[in-house]
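**Student:** Sharing a structure with you now.
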Amino acid sequence: MNVSTVRRVSVPAHQHRRRTGFASTPWSRYDETRRCSSDSVDRIRADLSALSSVAQRYAGSEGEREMLHQVRSRLPEGARSRIEGFVAYTSPEWVTGAHALGLIFAGVMGLWWPLVAAPLCGLITASLVAESSGRFSALRRVLPKSASYNLVWRREAEQPLGALVVTAPLDTPRWRPEPPRWLGRPLQMVVFAAGLVTFLVTLRALAEPWGRPSQGLYTVALLVLASTVALGIMAHRRTPVMRDDASGAAALLELHRRVMEKPIPGLDVWLVFTGCSHAYQNGMHAFLAMRGVRLRQPLFVLTLDEPGAAPLAAVVSEGPLYAQHHRPTGPALVERLRWGGVDLPARDTARVTDARAALQWGYRALALTGGGGPSSPEHTQRAVDVAEALSRMYAEDVASVPELAPALEPVTETVDTEKVVVGR
């Protein structure tokens, strides 16, 4: 049959909702009555106005603690929340800068003491790679620390089939990276130059004497390293206008109201306002270290990182040095939204969110993030609609697992190796 001759068949609304499972999608609920949409925007506007007035919300600062109490005061009456403390690390930019200066110092030292400079340069390079992956950091542990806090709210289901954790940061970054468009991950150039200098200073330590061509090559490598460090400093400079974006906390407050009004069935729902989020996502690490083992599985973590700045996008891979991909649960939910006509692009970013912390703990995660413009109540409301849709679709997927269990028994059965006779 010719595709151009296919007739469009109209399906009644109730049948379409029953077939697709979107009977209570948030955007349809808010399109039916303008009053609900207007009330939601007004509440978000009030939250943004109150929370954005809290300035200097760096990790472990007084501004971050003031932000925590401001958010707690705006929770609805009767919402029982907990304040949980932990140790906050210093800014990641200072740690990266210390590595870069150490590499330049070790490279210059290689001109006179190559036997000392070679292992020192290799050690600093390995430390920088480990720092960028988020797995380990030796320098971070010896630098000064401060206290920070999470604000945690939980709605416990009667017979939970899984758990949902939605997070939003309380703090703001000390530095906002502004990398050029052609340089998505400036740290890659620094690590490449550091590896080159380490290789050349090792050759310098093994080869005596060092001729003029080798000296010239080594000098060029030092200049490349110095240039990449300078480029990294320029890429991580402070922006002319610092944005104290509070759309993540405002969106999570609105999502809290919706969950209170209409609970998500079958899931233990945790809403976490994380401190020290932009500094190593330490609030998320502290939450998962305290409760991760006891959380109901399967667990899905959804992060709202400045979602009120258009255009809204879903972060499916992130990391300052290389792309660390999230497990496919989040991207699959985003694809389902696209089937429904929601324009939500997938994004890879050099920034890091609380979703990467969940990834490193082995959990399913996804982050919703905005663009570089100012936040607005309307864009924040759309982010809440998308977050609610993702949450309820995840609940639908978890609820369908018991129905699939009988059909999956042949696949999940294990073979008793003791009864298997080789060759028969």
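Each reported figure results from applying straightforward, stated rules to the coordinates on display, with no laboratory input. Predicted, not measured: the structure shown is a model, and the values here were computed from it. Glycine gets a Cβ as well: all are built from the backbone with ideal geometry, and neighbour counts include every protein chain shown.
**Student:** Loop only by DSSP, 16 or fewer other Cβ within 10 Å of the Cβ. Give me the chymotrypsin sites (Phe, Trp or Tyr not before Pro) in segment 64-132 that pass, ordered by residue number. Working shown, then result.
**Tutor:** Details: sites: F86, Y89, W94, F105, W112; in loops: Y89, W112.
Passing sites in segment 64-132 are W112.
**Student:** Related question: Restrict the search to segment 91-177; then list the GluC sites (Glu not before Pro) that DSSP places in a loop and that have at most 11 other Cβ atoms within 10 Å of their Cβ.
**Tutor:** E156, E158
**Student:** Using modelled backbone amide H atoms (1.01 Å from N, in-plane), which distant-in-sequence or interchain residues come within less than 5 Å of G162's amide H?
**Tutor:** D268
**Student:** What ³J(HN,Hα) values, in whole Hz, does the Karplus curve 6.51 cos²θ - 1.76 cosθ + 1.60 give for segment 136-152 when θ = phi - 60°, with x put for Gly and Pro?
**Tutor:** Listing the rounded values in order: 7, 8, 8, 5, 4, 6, 9, 7, x, 10, 8, 8, 9, 9, 9, 10, 10 Hz.
**Student:** A follow-up question, please. Return the FRET efficiency for the residue pair A332, M290: r is the Cβ-Cβ distance, R0 is 35 Å, and the value is rounded to the nearest 0.05.
**Tutor:** After rounding to 0.05, the efficiency reads 0.75.
**Student:** I need the Kirkwood Rh of segment 257-360: take the reciprocal of the average 1/r across all distinct C-alpha pairs and report it in angstrom.
**Tutor:** So the Kirkwood estimate lands at 15.2 Å.
**Student:** If you bin the C-alpha pair distances of segment 73-151 every 5 Å from 0, what whole percents do you get?
**Tutor:** All Cα pairs considered, the percentages come to 3, 13, 17, 15, 13, 10, 7, 7, 5, 4, 3, 2, 1, 0.
**Student:** Okay, next question. Would you please give the residues with an amide H less than 5 Å from that of R327, counting only those at least 5 places away or on a separate chain, with H modeled from the backbone geometry?
**Tutor:** When sequence neighbours closer than 5 places are left aside, the close amide H contacts are A365.
**Student:** While we're on this one: Using the Karplus curve 6.51 cos²θ - 1.76 cosθ + 1.60 with θ = phi - 60°, work out ³J(HN,Hα) for each residue of segment 386-403 in order, rounded to whole Hz, and write x for Gly and Pro.
**Tutor:** Residue by residue, segment 386-403 yields 5, 4, 5, 5, 4, 5, 6, 5, 5, 4, 5, 5, 5, 5, 7, 5, x, 5 Hz.
**Student:** How far apart, in nm, are the 7 Å Cα→Cβ label points at V108 and A79?
**Tutor:** 5.3 nm
**Student:** For the pair S38/V401, report the inter-label distance in nm, with labels modelled 7 Å from Cα in the Cβ direction.
**Tutor:** 4.3 nm
**Student:** How high is the relative contact order of segment 315-358? Use alpha-carbon pairs under 8 Å, at least six apart in sequence, and give a whole percent. Before the final figure, lay out the partial values.
**Tutor:** Details: 46 pairs, mean separation 23.8, N = 44.
The value is 54 percent.
**Student:** Let me ask something additional. Name the long-range amide H neighbours of R351: under 5 Å, sequence gap of 5 or more, or other chain; modelled H, no Pro or chain starts.
**Tutor:** Here the answer is G319, since their amide H atoms fall under 5 Å of that of R351.
**Student:** Could you run the Karplus curve 6.51 cos²θ - 1.76 cosθ + 1.60 with θ = phi - 60° over segment 359-370 and give me ³J(HN,Hα) per residue in whole Hz, x for Gly and Pro?
**Tutor:** 4, 5, 8, x, 9, 7, 8, 7, 10, 9, 9, x
**Student:** For segment 85-116 and segment 377-411, what is the separation of their C-alpha centers, rounded to whole Å?
**Tutor:** With segment 85-116 and segment 377-411 each reduced to a Cα centre, they are spaced 45 Å.
**Student:** Go from 0 up to the bin containing the longest alpha carbon distance in segment 267-322, width 5 Å each, and give me the % of pairs per bin.
**Tutor:** Each 5 Å bin holds this share of Cα pairs: 4, 13, 23, 22, 23, 11, 4, 0.
**Student:** Please check which bits of segment 325-352 a label hung off Q188 would reach, taking the label as a point 7 Å along Cα-to-C-beta and the cut-off as backbone N under 19 Å.
**Tutor:** 325-326, 346-352
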